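The values are calculated or read from the model by the stated rules, or taken from the named source; none is laboratory data. This is a predicted model, so every value here is computed, not measured. Neighbour counts run over all protein chains shown; Cβ positions are idealised from the backbone, glycine included. The area values use the complete protein model at the heavy-atom level, side chains included, leaving out ligands, DNA and RNA. Shrake-Rupley method; radii C 1.70, N 1.55, O 1.52, S 1.80 Å.
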Amino acid sequence: MEKKPPSVNDLALSMQNSGIPHELLVKEARLAIAEGDWESLEERVERLQRSFIQPVVNATGVLLHTNLGRASWGIPQSHFSSNIEFNLNDGNRGSRQTSIGNLFAQLCGTESAMVVNNCSSAVLLVLSALATGQGVAISRSELVEIGGSFRVPEMLELSGAYLVEVGTTNKTRVVDYQKAIEAHRNVAMALKVHQSNYKIVGFTEETTVEELSSLNLPLVADIGSGLLDSSCPWLSTGAPKWLAGEPAAKQTLQSGADLVTFSCDKLLGGPQAGIIAGKSDLIEKCLRHPFARVLRPGSHTLVSLQELALRYLHRDGDKIPFWRMACFREDELRLRAEKINAGEVTTMDSVPGGGTLPTVVIPSIGLKLPGDRSKELRRGVNGGLPIIARVQDGDTYLDFRTINPDHDELVAAALENLG
Ligand SMILES: *Cc1c(COP(=O)(O)O)cnc(C)c1O
C-alpha cells in the first residue's frame, strides 16, 4: 500500500466509470482513506452497487421469496400523467379507487372493493373503520404473527379495537363465539384469520365461515394469500392439486364473509398491495376513514394491479408470471435444465413460500453444482445478473421452476464462466 494517501477527489475520480454519482464516490473515498485502506475503494463501490435494488435471478425454488420481492411482476412503464383521480367521462374529479375497485369486485364476485398498500394495511383499516373502541371476536388459534411485524393482537391494539379471545388454541366452536359475544356485549365484528404460515394438527376443531356468518355480526376474513377463486378459471389445466384447502376470496365471500382482505404479491401474483373486498356499505366506511388516505397506493401500483386484474378477467394465467412458474410441467423444466451444459440435472422440491401453504411442495427439476458456489453466483458472474441459488448439504442447487425461461441463456453463460 502507498504510504501517502491520494486526494479524496482523485480517488473518487478513479472510480468514475462505475456509474455511481460523484458525491457518493467521494463519501466512499473519504471513508476508505480514513480507515487507511484506500485500495479497497473498488470493493467498497461494488458493495454499494450491490446494495441498490436490482433484478436478480430467483433460482431458489421458492416461488414467492419474501427477500426477493415475493411475486415477480413487472411494473409497467409510466412516464405519463394519468387519469388516476380524473373522470374522463365527465371531466370532473374522480376517485383512484373506483375503477380498480370494480375490477376486483368483479373478480371476487362481490359488490365492492378497494386497494391499500398491503394486506397488513387492509386489516388495520378494516379494524379501524369498523371496530375502534369496540370488541373484535377472534379464535385463540388465529392470533397469528406473519413475517415478524404483522401480529394480530398488535394490529388490534393499534386500531383502538380490543381483542375478544374465543375458544382455545386447538378447538374453537361457534358456541364459543356466541358466549364471548354475549359476555362482552360491545363486539363490533368477528375476524377470521387464515393460518397462512403454520398448521395446527391433531385434536383440533375450526369454525367455518358459513357457521360464523350466522352470528349476526359483520364477518371479516383475512385470507392473506390472495387466491381469487378456488377453481382457478384462468388456468387451462384447472386448479393445481397443491392448492387444495387454501381459502379463496370468491368462495369465502359466497360462504358468508362480509369482507375479505388479502395481499396482492402472494398467490395473486402481483405487486405489493392489499385488497379489501365485499359489502359496499362496509367498503364505504373504510373509504371514508382517515387511514384510507394514509394507506393508499400510488399510480404505479394501481396501473400495475389494473393490468393484472385484466389478465385474470381475460383468463390468461399464462401471462401471470407466478401462475406460469407454478404450472410448468416437470418435463418442460427437465428440457431447460438439460440444455444447460453444467452440473447435474436433479429432481427438486419447489415451495410456494411467501408465508403461504406451509406444508406444500411442488415437484421440480434443477441443476446441482458440487460445493457452495452461492457467493460467486450472488455477485453476478462476469457482470451478469445476480443469481440466488439454494445451498443444501454443502452443494449448490438451481431450481428451474422459479427461473424465468427468458433468463436461461444468462444462467447458462454464468455457469459456463463459473467453471
Ligand atoms: C401475508 C398475510 C398478511 C400480511 O400481508 P402483507 O401483504 O405482507 O402485509 C396478513 N394476514 C395474513 C393471513 C397473511 O397471510
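Structure summary
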| quantity | calculated |
| --- | --- |
| For the chain: accessible area per residue (Å², 1.4 Å) | 50 |
| Estimated FRET transfer efficiency when R0 is 35 angstrom, pair Asp90-Arg140 (beta carbons, to 0.05) | 0.10 |
| Coordinate range along principal axes, alpha carbons of region 302-369, Å, largest first | 42, 28, 18 |
| Accessible carbon and sulfur surface of the chain relative to its total accessible area, %, 1.4 Å | 48 |
| Contact order relative to length of the chain, as percent, for alpha carbon pairs under 8 angstrom and 6 or more apart | 20 |
| Residue-averaged [θ]222 nm for the chain, counting only DSSP H segments that reach four residues, each worth -39500 (n - 2.57) | -10000 deg cm²/dmol |
| Rg/Rg_ref, region 34-165, where Rg_ref = 2.2 N^0.38 Å and atoms are Cα | 1.58 |
| Point-charge dipole on Cβ atoms (K/R +1, D/E -1) for the chain, about Cα centre, debye to 20 | 600 |
| Peptides ranked, highest mean first, by Cβ atoms within 10 Å: ranges 344-352, 61-69, 37-45 | 61-69, 344-352, 37-45 |
| Highest-first arrangement of 267-274, 127-134, where packing means the average Cβ count within 10 Å | 267-274, 127-134 |
| Which of Trp323, Ala257, Ser14, positive extreme of dipole for the chain (C-beta unit charges) | Ala257 |
| Distance (nanometres) between label positions extended 7 Å along Cα→Cβ at Ser40 and Glu182 | 7.0 |
